[in-house]
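The values are calculated or read from the model by the stated rules, or taken from the named source; none is laboratory data. These numbers come from a predicted model, not from an experiment. Don't worry about glycine lacking a Cβ; one is built from the backbone with ideal geometry, like all the others, and counts go over all protein chains shown. The area values use the complete protein model at the heavy-atom level, side chains included, leaving out ligands, DNA and RNA. Shrake-Rupley method; radii C 1.70, N 1.55, O 1.52, S 1.80 Å.
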Amino acid sequence: MARVGQTGGLGWHLKAWRYRQRLWAGYLQQTKAFLEDWSDQSLEPAGLRRLVIVGASAGWSLPTGWVRAFDELVLIDPDPLAPWLFGRNHSTPERQHREWIREDFRQALPPLLAAPKPTAVLFNNLLGQLRLTSKDLEATEAQLGELKTQLDGVHWASFHDRLSGDWGQAQQSGGTLFAEGSVNNACLTKTYAKGGQWLDHLTADVLPQTSRRWVYPWRITPDRLHIVEAGWVAPAGANAGPFEPDQA
């Protein structure tokens with residue numbers, strides 16, 4: 001599996017800086033609503049104040065108020081620009097402790113999850129990128145599908161690319177879908193595409209099949225549209241509040 005950050009770097013940060021204000025408003029609004037739903041329905045009832053952000057990068061997609069609400073952040077990303085840019089985008093409140101880990105998340109996560117402190121995990125717009133650097137697509141898809149097993153017993157969430165294609169081949173009026181279970185690629189292309197070739201980011205099996213999820217468009221550049229899937233998972237027996245899509 002590719003290392004976190006291999007699809008990022010300076011080129012990614014320049015793209016985000018250029019288009020975030022111009023094109024990303026709807027995507028950022030939906031991501032904020034999703035993360036706040038996760039906090040309200042799962043993290044706060046569980047009393048979780050420590051968050052691991054996998055693929056933290058500069059936090060271009062994350063709402064600052066939400067980031068600053070935790071007591072402790074552990075940020076995983078090998079990108080040398082990430083700590084400085086993340087700090088510029090999301091200044092550190094006085095009571096919050098931050099730690100950066102510059103290594104592959106597969107090595108970094110196990111000891112973090114084994115620590116006695118209760119911890120939640122967010123995969124920050126990362127998992128769909130791994131397909132772009134993969135040398136073995138079948139192995140990558142299988143590894144992505146195994147994450148939910150590896151995270152059994154953990155409060156975790158992910159928002160990630162499902163499909164991407166040319167803006168000119170998109171149903172440009174496509175909005176947000178809410179579902180109580182898995183949504184296949186055929187449904188997504190019917191909703192968001194009007195033709196052309198759409199790249200499968202191999203993330204259809206990241207979330208458990210019965211997990212509630214949000215699906216929404218992200219016009220990442222003037223000529224490119226990504227379809228993002230977001231969902232969170234609570235350990236068996238944990239209180240998961242009612243699904244309230246009108247929060248979007």
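Projected label points at Gln209 and Thr64, each 7 Å from Cα along the beta carbon direction, are separated by 4.4 nanometres. Within the full protein context, the accessible area of Lys117 is estimated at about 110 Å² for a probe radius of 1.4 Å. Annotation: extensible slack from Gln29 through Glu146 equals 39.2 nm (criterion: 0.36 nm per residue apart, minus Cα-Cα distance).
Translational diffusion of region 50-108 was estimated from the Stokes-Einstein equation, with Rh taken as the Kirkwood radius over Cα pairs; at 37 °C and 0.692 mPa s the coefficient is 289 µm²/s.
Dividing the helix sum by the residues of the chain, where each DSSP H run of 4 or more adds -39500 (n - 2.57), gives a mean residue ellipticity at 222 nm of -9000 deg cm²/dmol.
For Thr210, the accessible surface of its heavy atoms amounts to roughly 120 Å² (probe 1.4 Å, protein chains only, rounded to the nearest 10). The residues of region 1-139 expose, per residue, 46 Å² of accessible area to a 1.4 Å probe. Using Cβ point charges alone (K and R +1, D and E -1), the dipole size of the chain about the Cα centre works out to roughly 700 debye. Only lysines eight or more places from Lys32 in sequence, or on another chain, were considered; those with a Cα closer than 25 Å are Lys15, Lys148.
Starting from one equal scatterer on each C-alpha and no solvent at all, send me the Debye-based log10 I(q)/I(0) for region 78-207 at q = 0.10, 0.14, 0.22 Å⁻¹, two decimals. So the normalised log intensities work out to -0.44, -0.83, -1.39.
Spin-label model, His97/Leu14: points 7 Å from Cα along the beta carbon direction are separated by 3.9 nm. Mean projected area of the convex hull spanned by the Cα atoms of the chain, taken over all viewing directions: 12.6 nm². Leaving ligands, DNA and RNA out of it, report the carbon-plus-sulfur percent of the accessible area of the chain at a 1.4 Å probe. That fraction is 49 percent.
If you plug the beta carbon distance of Ala186 and Leu137 into 1/(1 + (r/R0)^6) with R0 = 25 Å, you get a FRET efficiency near 0.85. Multiplying the residue separation of Gln169 and Gln107 by 0.36 nm and subtracting their alpha-carbon distance yields 18.4 nm. Beyond 25 Å, the tail of the calculated P(r) for region 25-128 holds 14 percent of the Cα pairs. The label point for Lys194 and the one for Gln21, both projected 7 Å from the Cα toward the Cβ, are 3.1 nm apart.
Highest mobility in the GNM of the chain, judged by mean-square fluctuation with C-alpha springs under 10 Å and restricted to Leu163, Leu75, Leu199, is found for Leu199.
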